[in-house]
Amino acid sequence: MIDKDFQRQLFNTELKVLEQALLDLAEGKYEGNELLEDYKFMVTNYERLLTFTRRIFKISDIQAGNLMQRENEIKNILNNAGQGFLTFGRDLLIDREYSAECEKIFGFKVSSMNILDLLKTEDEEQNSLFREVFKTVLESTDEAKQQLSINKLPKVIKREERYLSIELRPIPPNHEDDNLLCMLILTDVTEKHRAQEQVVYLSFHDKLTSLYNRAFIDNWLEEFQPEGNFPLSVIMADLNGLKLANDVFGHIQGDKLLIGLGRVLLHSTRKSDVVARWGGDEFLILLPSTDMSACKKVAERILESCKHQEGLPIELSVSLGMATQQKSTKNISDLFGIAENRMYSEKLQKSKEVRHRLILSVEKELHRRFFEDPGHVERVSNLADKLAQVEEARIGPFELDKLNLLIKLHDIGKVGIPKEILGKNSELSNQEFEIMQRHSEIGFRMAQSIDELLVADAILALRERWDGTGYPRGLKGDQIPLLSRLVGIVDAFDVMTHNRPYRLAKSQEEAIKELEKGCGKQFDPHLTHLFITKVLKQDKALTS
């Protein structure tokens, strides 16, 4: 805005002339001159004219300031609108960018660039479409034709790693001599587009395994085209041991099994096949253009691949059911039911075998991950057999049959206890001891899962004491299962007489003294006496 001093300087000559004329009149310089009245009239009008002219300049200056302020406001609005605004004419050169967003989107100043070069992508069909639409809009005067051409443009384009929303608007000329311009409005919608893609992805994919989900299968069935897809085969797969893994190792480890099986299914099938998590521990595979013979080969690959998976809490095991349809029928989902029934039939037939195998795989994991001595089970088994064979031990044929399995599984619950607690070489804290006590309950649930109820009860009671101060139920005396009392004595003796990470082994004599000290407190007095006198001393006599 022009200040008063600058305005004074601008009209300096005129003001000096006026001031001199007013001074001459005040001093009576032209008194008696016949033209004096005309001179006074002229000076008065000159003063009015100069005052009016200066006022016009001031108004014009205020208007210019207002226009500049308005322009800055509009520029700020455009810069903060999150959109890029640019214009171009028939030469397709960008004559102006109206907001800072243009440079932010493209990473450089776009003025004077060819608009086709700016929007060019690897999609040649799209590049040609831009060329055609811009030409039509800039050369036509028919608004309907212009709009029809604009409607052909895509709403969103991908340029390099960005997704851009585009809107084209023709700007009519202000004067006959002016040329038509086009304004292109650009909006970076990359984040919004990716969020939408993620929503679509999650609606048709399982979040845990990244496989397709049931919603995708439903959609696939609706859009299914029979031509070229028959014979169509289906494999239903059920993950064995998921509940066992969840109960013993926690759901994070159970999730690893689900992810592992999903990986196996993908690697065992073709890209054209559809692999989906059907729900829970069940998976579905759709095999277009696949007969039963080829379907069985896929199943064989799955079973073989499961054997070679590492880093999982238990052996990866799956039950499979297969079905094939040779030609199209009204309801393909009936095929799923056939495969599902066959899967459940196989699971039922092999359930006990599978559960036993899973438990044994957990036993191997116990020896691999922790400090458990593989010879411990063999030694305890040997001593327990000898104690059980002593006539006074009162072990019946049925219990004797379960004794060997109990010895194999008696420590299996420890796989659910952190290694840091199991191997700690100092006294456990109250919290750590509480965690440690869980191993009996974990082993109990594992034995229950393979329908070994007597063994399960014996495992649960292994840490009970004869005097009733043990855990988890505080059983006392004969309330404790006989097998638990027997294995508890033999297990304690073997642990004492062999090195552990947290202490050195005791001699046999020292271990016997500990057993005698615990007789009637921790251990069954009758079985302890038999073990010391009939088993250990007999072994000692044989080796001496």
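The values are calculated or read from the model by the stated rules, or taken from the named source; none is laboratory data. Predicted model, so just to flag it, every value in this text is computed and none were measured. Cβ: placed from backbone, ideal geometry, glycine included. Neighbour counts: every protein chain shown. Remember, those area values only see protein heavy atoms, side chains included, never the ligands or the DNA or RNA. Shrake-Rupley method; radii C 1.70, N 1.55, O 1.52, S 1.80 Å.
Of note:
- Considering the stretch 186-223, and only residues there that are farther than 29 Å from Ser165 by Cβ and in contact with a His (Cβ under 9 Å, 6 or more places away or on another chain), the residue that is least open to solvent (accessible area, probe 1.4 Å) turns out to be Leu211.
- Restricting the stretch 394-427 to residues that are basic (Lys, Arg) and over 23 Å from Leu530 (Cα atoms), the residue that is most open to solvent (accessible area, probe 1.4 Å): Lys419
- Conditions (1) at pLDDT below 95; (2) closer than 30 Å to Glu441 by Cβ; (3) open to solvent by less than 10 Å² (accessible area, probe 1.4 Å); (4) among the aliphatic types (A, V, I, L, M); number of the one not met by Leu232: (2)
- Test: Asn430 is over 36 Å from the mean Cα position of the chain (by Cα), modelled with pLDDT under 90 and open to solvent by 60 Å² or more (accessible area, probe 1.4 Å): yes
- Among the residues of the stretch 427-448, those identified as in contact (Cβ under 8 Å) with a residue 24 or more places away in the chain and either of a type outside the set (A, V, I, L, M) or touching a Cys at 6+ places or on another chain (Cβ under 7 Å) (or both) are Gln437, Arg438, His439, Ser440, Glu441, Gly443, Phe444, Arg445.
- Answer residue from the stretch 133-161, given it is farther than 30 Å from Arg194 by Cβ and among the charged types (D, E, K, R) and is most open to solvent (accessible area, probe 1.4 Å) among those: Glu143
For every residue, the table says whether it meets (1) among the hydrophobic types (A, V, I, L, M, F, W, C); (2) open to solvent by 10 Å² or more (accessible area, probe 1.4 Å); (3) farther than 30 Å from Gly443 by Cβ; (4) at pLDDT below 95.
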site	(1), (2), (3), (4)
Ala237	yes, no, no, no
His251	no, yes, no, yes
Gly280	no, yes, no, yes
Glu304	no, yes, yes, no
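- Flag if Lys364 is surrounded by fewer than 18 Cβ atoms within 10 Å (Cβ to Cβ), under 30 Å from Phe493 (Cα atoms) and over 30 Å from the mean Cα position of the chain (by Cα): yes
- Exclusive hit being within 18 Å of Ala492 (Cα to Cα) and touching a residue at least 60 places away in the same chain (Cβ under 8 Å), set Leu387, Leu422, Leu409: Leu387
- Number of residues in the stretch 450-481 that are crowded, with 18+ Cβ neighbours inside 10 Å and in contact (Cβ under 8 Å) with a residue 40 or more places away in the chain: the value is 10.
- Taking first residues from the stretch 20-34 that are at positive phi and partners that are open to solvent by 70 Å² or more (accessible area, probe 1.4 Å) and in a loop (DSSP other than H, G, I, E, B), no Cβ contact under 8 Å between residues at least 6 apart in sequence or on separate chains turns up.
- Hey, Gln69 open to solvent by 50 Å² or more (accessible area, probe 1.4 Å) and modelled with pLDDT of 80 or more or not: no
- Restricting the stretch 470-525 to residues that are polar (S, T, N, Q) and in a loop (DSSP other than H, G, I, E, B), the residue that is modelled with the highest pLDDT: Gln522
- Of all residues in the stretch 489-509, none satisfies being over 56 Å from the mean Cα position of the chain (by Cα), buried (at least 16 other Cβ atoms within 10 Å of the Cβ) and aliphatic (A, V, I, L, M).
- The set of residues in the stretch 431-441 that are closer than 18 Å to Arg473 by Cα and outside any loop (DSSP other than H, G, I, E, B) comprises Phe433, Glu434, Ile435, Met436, Arg438, His439, Ser440, Glu441.
- Taking every residue in the stretch 140-153 that is in contact (Cβ under 8 Å) with a residue 24 or more places away in the chain and pairing it with any residue that is part of a helix (DSSP H, G or I) and surrounded by 12 or more Cβ atoms within 10 Å (Cβ to Cβ), at least 6 positions away or on another chain, the pairs with Cβ-Cβ distances below 8 Å are Gln146/Thr136; Gln146/Val137; Leu153/Leu129; Leu153/Phe130; Leu153/Val133.
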